[in-house]
Structure formats: structure tokens, C-alpha cells
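Read through the structure below, which is laid out as C-alpha cells, and then see the notes.
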Amino acid sequence: MDLRRMTIGGAGWTPGAPLGGSLPSLWLRADAGCCFTGAGSGAPTDGDPIQVWLSKDAGAYSFAQTTAAKKPTWTASNGDFNGRPTVTYDGVDDIMTYGAALTTETAGCLYVVFKRASIGTQHTLVSSADYTAALDLWSVRIDSTNDHEWYSLDSGINAIESSGTAVGTSAAQILMFESSGTAHRLEINGVEDALTVDAGVPAGKWFGDIANRDNVSVGGDHYNGGNTNPFHGNVAEVMLYDRVLTADELDQVDRYLANRYGLAI
């Protein structure tokens, strides 16, 4: 990684984009300057519930939660992430949601840096859904047998793909999930993990392939009148690119994340 791309300025230091001028379309990072206890204001201290998680990309998207019991908390310095801050989800009902579909692209690349706190229960990392009906959902999650899983409902017809590597609780990891427009691919800490079709015809479906989405959420599915499959653990960073990254670009993002969070790739 080229350290000249970074600008360092204290505890809330802000690096340049991992790919220089090519910003992610969505870039969430758990910095103090991005997480707020109120509606866009109020610096959190360790353990505080957060109401707003503001993205660092050009769109400055405000992921929010106003219900007290559903607010994740802010961890100021997490030893599992190289002492960096994280957003901590309780696995009961915590979820942060942006109230619009956000992207209409049919190919792209999603990164999530996270660590689970428990196993054996389905945990959603990032999703986009129709909140009012049980017909349309796009979700990257961990299934009840602890495998990474992609799940979609498209007009009520489901499609599922899963990996063969169990996701435990011992270490943080970098998840990369992408669609070429016709097929999905998944990497864990920079190493590809083969996907198996479990149901339906995945066909590389991406956010824009699913109709009627009215939200994007981190930490659960904001879907069918409720919040389901809550994540239990910590999320440090989420990046969504509205295009397929080259092998060199994937390597550059992997190295940026590994360096920042002290993870091996």
C-alpha cells in the first residue's frame, strides 16, 4: 500500500480513499467524526449509543436509528481492530438504516470489516430491502451454520449462495463480495472462497437487480415491517463500489484495510 495516499491527523485521522480519486459510492467508517449520539451532532464516548452514522463518501449518507433500544453502541478503541473504533451491535435488534435505495447499479464490489461475537444464529451484515412487503430483499449475511451467505428475494422468488468456510468469533476479518453483473465472487482476507448455489438462480444479482428497495441497512434486514437477522458483533468499515474492481485495485483495498486494522492477508 502507498502510504503517501494517507493523511494522518490524530485519533480521528482521515486517510485518502484507498483507490486515490476513485471514491466508494458508500464509505462508512466508525470514526468519532462520523458517529454521533444525536441527529448529526454529539461526539460519542466509549459505550455511548449512536443515532447517526455518517458516510465519508461524496453523498454523505446518514444511516440512522432513533429508537433507543435499537441503537448500536460506539467502541472508542477496539483491540481486535488495531485499537481503531467500531460500531457494536447487540444481536437483538440493533440496526442502522439509510432510508433510500442508494444505488441502482447491477454490478459492483462490497467490503465489510467485522468481527462476530456469537455463532449459530443468522447475522446480516449489509442489506437493501422493501420495508413494507415480504417480496424484495438483497442481503449479505452469515447463515445459521456460520457460512457466509448471499440471499435475495426478487418479487418473492429467492436465490441463495453460500461459502464453505465457517465464520467464527476468534478474529476480525475483511469480507469482499462482488458481482460482475452475471456472477458473484467472495473473498475473505484477500483469499477467494468458492460459492455454492443453494437455491434459485443467483445470476450475479446486485442491488439494482432487486425492485422496490427503499432502504440500505448495516447490521440487519429492514424488511417486511420489521428488523430481522440482527448482527451480533463489531463493524469497523463498509465500502461499496458501483463497479467491478480490477485485481490490482482489490489488492490495494485489501492492503489498506489490513494495514489500518492490523489484519493478516
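We did not get these values from a lab; they are worked out from the coordinates using the rules stated. This is a predicted model, so every value here is computed, not measured. So basically every Cβ, Gly included, is an ideal-geometry build from the backbone, and we count neighbours across all protein chains shown.
Kindly indicate whether any position in the stretch 180-188 is in contact with a His (Cβ under 9 Å, 6 or more places away or on another chain), surrounded by 19 or more Cβ atoms within 10 Å (Cβ to Cβ) and either touching a residue at least 60 places away in the same chain (Cβ under 8 Å) or over 30 Å from R255 (Cβ atoms) (or both).
No, because not a single residue in the stretch 180-188 is in contact with a His (Cβ under 9 Å, 6 or more places away or on another chain), surrounded by 19 or more Cβ atoms within 10 Å (Cβ to Cβ) and either touching a residue at least 60 places away in the same chain (Cβ under 8 Å) or over 30 Å from R255 (Cβ atoms) (or both).
With (1) out of contact with any His (no Cβ under 6 Å at 6 or more places or on another chain); (2) of a type outside the set (A, V, I, L, M); (3) under 19 Å from N234 (Cβ atoms); (4) in contact (Cβ under 8 Å) with a residue 60 or more places away in the chain as the list, and G91 as the residue in question, which single condition is left unmet?
The number of the failed condition is (1).
Give me a count of the residues in the stretch 127-142 that are in a loop (DSSP other than H, G, I, E, B), charged (D, E, K, R) and touching a Ser or Thr at 6+ places or on another chain (Cβ under 9 Å).
Qualifying residue count for the region: 1.
Kindly establish whether F36 is over 30 Å from L186 (Cβ atoms), surrounded by 13 or more Cβ atoms within 10 Å (Cβ to Cβ) and either touching a residue at least 40 places away in the same chain (Cβ under 8 Å) or in contact with a Leu (Cβ under 8 Å, 6 or more places away or on another chain) (or both).
Yes; evaluated as a whole, the condition is true for this residue.
Given the structure, is G181 among the small types (G, A, S) and on the phi > 0 side of the Ramachandran plot?
Judged against the criteria, G181 is a match.
Is it the case that G156 is in contact (Cβ under 8 Å) with a residue 12 or more places away in the chain, of a type outside the set (D, E), surrounded by fewer than 19 Cβ atoms within 10 Å (Cβ to Cβ) and more than 16 Å from I210 (Cα to Cα)?
No; evaluated as a whole, the condition is false for this residue.
Give the residue that is surrounded by the fewest Cβ atoms within 10 Å (Cβ to Cβ), with candidates limited to residues of the stretch 65-122 that are of a type in the set (D, E) and touching a Lys or Arg at 6+ places or on another chain (Cβ under 6 Å).
Checking each candidate, the answer is D93.
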